[in-house]
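> Please see the structure below; I have some questions.
What follows draws every value from the coordinates through simple rules; no lab data is involved. These numbers come from a predicted model, not from an experiment. In this analysis, Cβ positions are derived from the backbone assuming ideal geometry, glycine residues included, and neighbour counts consider all displayed protein chains.
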Amino acid sequence: MSNYYNDKVVWITGASSGIGEALVKELAQKSNAKIILSSRNEEQLYEVAESAGLTVNRYAVIPLDLKNYKEMPEIAAKAAKVFGKIDILINNAGLSQRSLAMETDIEVDKRLMDVDFIGTVALTKAIVPYMIQNKGGQIAVVSSLMGVFGAPMRSGYAAAKHALHGFFDALRAELYAQNIAITIICPGFIQTNISIHAVTGDGSSQGTMDDATNNGMPVAVFAKKMLNAIEKKKNQKAIGGKEVLGVYLKRFFPALLAKIIRKAKVV
């Protein structure tokens with residue numbers, strides 16, 4: 001990592017575990033950035049900040065729950081006041097799914113959309129005015145390969161992630177003149193607890209680790225690659241193992257990808 005993140009204020013959602021925690025630790029070790037940590041679990045956020053070695057003048061904890069999207073303007077105002085600005089917002093918080101479409105209660109589909117799409121959009125809309133006032137900024141959003149193509153057991157999750165791509169592609173064009181860059185990150189299989197916390201058809205957590213996730217890219221490696229993509233202001237970056245080839249198959253050989261997905265083990 002270069003000195004790109006030095007002297008910047010970076011707000012990371014979903015910072016209490018997984019990708020968010022890895023991003024906090026990488027930034028803490030490789031830069032002097034000030035970091036705002038957010039998730040639902042306030043106690044865990046303080047533990048992450050402490051384990052990352054952040055001094056009290058370098059971080060702030062602001063709990064939030066994306067499903068409470070109407071609270072985002074108030075939370076964004078609070079975040080903007082902590083260090084006087086927000087240079088980079090990393091929308092990382094989210095919820096995954098492991099259930100067949102026809103076995104998934106519609107309320108679960110709604111929950112996935114509320115958290116992964118509506119909440120993320122609400123937070124982004126709330127922070128953009130502060131970035132415009134600051135004459136620029138950057139927004140990164142953690143989507144998924146499921147934001148590019150769908151797969152079994154991920155119908156509601158894929159729908160929400162596809163929606164993120166549509167919104168942020170449009171927003172990128174709208175904010176270009178305001179000097180606000182937007183990067184969409186599409187992780188493949190990354191070693192986190194995402195599958196353990198993924199919702200099933202009745203809304204309960206799966207509670208088990210998928211083989212593909214367990215054998216995926218180490219989260220610390222992913223965090224380095226993601227921060228590099230943000231630094232380079234990539235419009236979109238897929239990061240993972242061989243599964244990222246699906247992005248190119250979707251574009252150039254969609255029928256082949258459809259055949260592969262029908263037969264692939266996706267958990």
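> Taking the 0 to 90 degree range and rounding to the nearest ten, how far is the long axis of helix 72-82 tilted relative to the main principal axis of the chain, both from C-alpha atoms?
For 72-82 against the chain, the angle is about 40 degrees.
> Compute the separation of the alpha-carbon centres of segment 179-211 and segment 1-54 and state it in Å as a whole number.
19
> So if we plug the beta-carbon distance of residue 252 and residue 204 into 1/(1 + (r/R0)^6) with R0 = 25 Å, what FRET efficiency do we get, rounded to 0.05?
Values: r = 39 Å, r/R0 = 1.56.
Between residue 252 and residue 204 the formula returns 0.05.
> Among 152, 59, 101, which residue has its Cα positioned farthest towards the positive end of the charge dipole of the chain, with +1 placed on the Cβ of Lys and Arg, -1 on the Cβ of Asp and Glu, and the dipole taken about the Cα centre?
Farthest towards the positive end: 152.
> For residue 125 and residue 214 in the same chain, what is the full-extension length gain: residue separation times 0.36 nm, less their Cα-Cα distance, in nm?
Values: separation 89, 0.36 × 89 = 32.04 nm, distance 3.45 nm.
In short, 28.6 nm is gained.
> Over 28 Å between Cα atoms, which of 30/233; 237/263; 234/263; 125/250 qualify?
234/263; 125/250
> With angles folded into 0 to 90 degrees, how steeply does helix 120-133 sit against the dominant principal axis of the chain? Use alpha carbons for both and round to 10.
Compared with the principal axis, the helix lies near 30 degrees.
> I'd like the FRET efficiency for residue 29 and residue 55, computed as 1/(1 + (r/R0)^6) with the beta carbon distance as r and R0 of 22 Å, rounded to 0.05. Intermediate results must be reported in sequence, preceding the final value.
Values: r = 13 Å, r/R0 = 0.58.
Step by step, r from the Cβ atoms, then E = 0.95.
> Considering only DSSP beta bridges where both residues belong to segment 9-263, give the percentage that are antiparallel (nearest 5).
Of all bridge pairs located within segment 9-263, approximately 5 percent are antiparallel.
> Same structure, new question: What value, in deg cm²/dmol to 500, does the helix sum -39500 (n - 2.57) over DSSP H runs of n ≥ 4 give at 222 nm once divided by the residues of the chain? Could the numbers behind the result be given before it?
Details: 11 runs with 116 residues, N = 267.
Result for the chain: -13000 deg cm²/dmol, rounded to the nearest 500.
> Testing the spin-label approximation: label points 7 Å from Cα along Cα→Cβ at residue 65 and residue 100. State their distance in nm.
For residue 65 paired with residue 100, the spin-label model returns 3.2 nm.
> Assign unit charges at the C-beta atoms only (+1 for Lys and Arg, -1 for Asp and Glu), then state the dipole size of the chain relative to its Cα centre in Debye, rounded to the nearest 20.
Values: 32 positive and 24 negative charges, 220 e Å.
Magnitude of the dipole: close to 1060 debye.
> Right, here's the next one. Express in % the proportion of alpha carbon pairs of the chain at distances exceeding 23 Å.
Working: 17626 of 35511 pairs.
For the chain, the share of Cα pairs beyond 23 Å comes to 50 percent.
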